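Okay, structure first, notes after.
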Amino acid sequence: MDQISEKVQKGTTTVGIVCKDCIVLAADKRASAGNFIASKDTDKIHKISPNMAVTMAGLVSDAQLIVKLAKAELSLKKIRSQKDAKVKEAANMVANILYQNIRKFSTVPGIVSFLLGGRDNHGFGLYELGVDGSLSGIKRFVSTGSGSFMAYGVMETLYTEEMSMKEGIELSMKAINAAMQRDMATGEGVDVFVIDVNGAKKVVGKKIVSELK
């Protein structure tokens, strides 16, 4: 089992920040398998509805499948009830999937965690979804992945209450950059999504080219 875990271990850094007028989600673009860089252009932030997005950290195959399931369930919810799911409803739904996923017997453990940010008629919401299916509401900021220690250090130092969207975007990029400097599994660039009154959208997609010329 230890040998299998080494082969499927994925490193990453994702952050979520609560601002006065939006939620900011950011992640790096490197996917790793042990000491090998498997991809330099991985999308780790995905829209699951017009007003919600998630970051993913962990085993890529499980993460991608859970994102697809979340999109499908939210679409079905809207068709059946003729209204969009609340952010907390979506977070609970994904948490339930994670709870079932980690408790199924498998030779490849599906270790995945998410950050979910969104907006509904109650306002903005940011949630951390643990690998065990746990659900935590976030009031300020949060980070997951192997580079989260460095990201937390930056956000603890620079975060302020009532941050603007611009300040939140800048802080998220600084947090990801700090992780890239010290965490071997984090790198290649940064993607930033914003969820505001106009919905979820990508606002930054910056690659870092490290190839020799």
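The values are calculated or read from the model by the stated rules, or taken from the named source; none is laboratory data. All of these numbers come straight from a predicted model, not from anything done at the bench. Positions of Cβ are backbone-derived with ideal geometry, glycine not excepted, and every protein chain shown enters the neighbour counts.
Key figures
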{"quantity": "Number of positions in segment 10-46 that are under 14 Å from PHE141 (Cβ atoms) and among the polar types (S, T, N, Q)", "calculated": "2"}
{"quantity": "Check on VAL54, buried (at least 22 other Cβ atoms within 10 Å of the Cβ) and farther than 26 Å from GLU188 by Cα", "calculated": "no"}
{"quantity": "Strands (runs of 3 or more DSSP E) enclosed by segment 36-85 - at least 1 residues per element that are free of Cβ contacts under 8 Å to residues at least 40 places away in the same chain", "calculated": "36-39, 45-49"}
{"quantity": "Residue check for TYR159: over 17 Å from LYS40 (Cβ atoms), of a type outside the set (A, V, I, L, M, F, W, C) and under 18 Å from the mean Cα position of the chain (by Cα)", "calculated": "no"}
{"quantity": "So PHE105, is it aromatic (Phe, Trp, Tyr), buried (at least 19 other Cβ atoms within 10 Å of the Cβ) and either over 16 Å from the mean Cα position of the chain (by Cα) or modelled with pLDDT of 95 or more (or both)", "calculated": "no"}
{"quantity": "Flag for GLY145 being under 14 Å from the mean Cα position of the chain (by Cα) and surrounded by fewer than 17 Cβ atoms within 10 Å (Cβ to Cβ)", "calculated": "no"}
{"quantity": "Selection within segment 154-185 - farther than 19 Å from LYS202 by Cβ, surrounded by 21 or more Cβ atoms within 10 Å (Cβ to Cβ) and either free of Cβ contacts under 8 Å to residues at least 12 places away in the same chain or β-branched (Val, Ile, Thr) (or both)", "calculated": "VAL154"}
{"quantity": "Filtered residues of segment 56-78 (kept if polar (S, T, N, Q) and either more than 25 Å from SER172 (Cα to Cα) or touching an Asp or Glu at 6+ places or on another chain (Cβ under 9 Å) (or both))", "calculated": "SER61, SER75"}
{"quantity": "Positions within segment 153-177 being among the hydrophobic types (A, V, I, L, M, F, W, C) and either farther than 30 Å from ASN35 by Cβ or touching a Gly at 6+ places or on another chain (Cβ under 7 Å) (or both), in sequence order", "calculated": "LEU158, MET163, MET165, ILE169, LEU171"}
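One line per residue, one yes/no per condition, for (1) surrounded by fewer than 21 Cβ atoms within 10 Å (Cβ to Cβ); (2) at pLDDT below 90:
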site: ASP28; (1), (2): no, no
site: ALA33; (1), (2): yes, yes
site: PHE36; (1), (2): yes, yes
site: ASP43; (1), (2): yes, no
site: LYS47; (1), (2): yes, no
site: VAL60; (1), (2): yes, yes
site: ALA63; (1), (2): no, yes
site: GLU73; (1), (2): yes, no
site: LEU76; (1), (2): yes, no
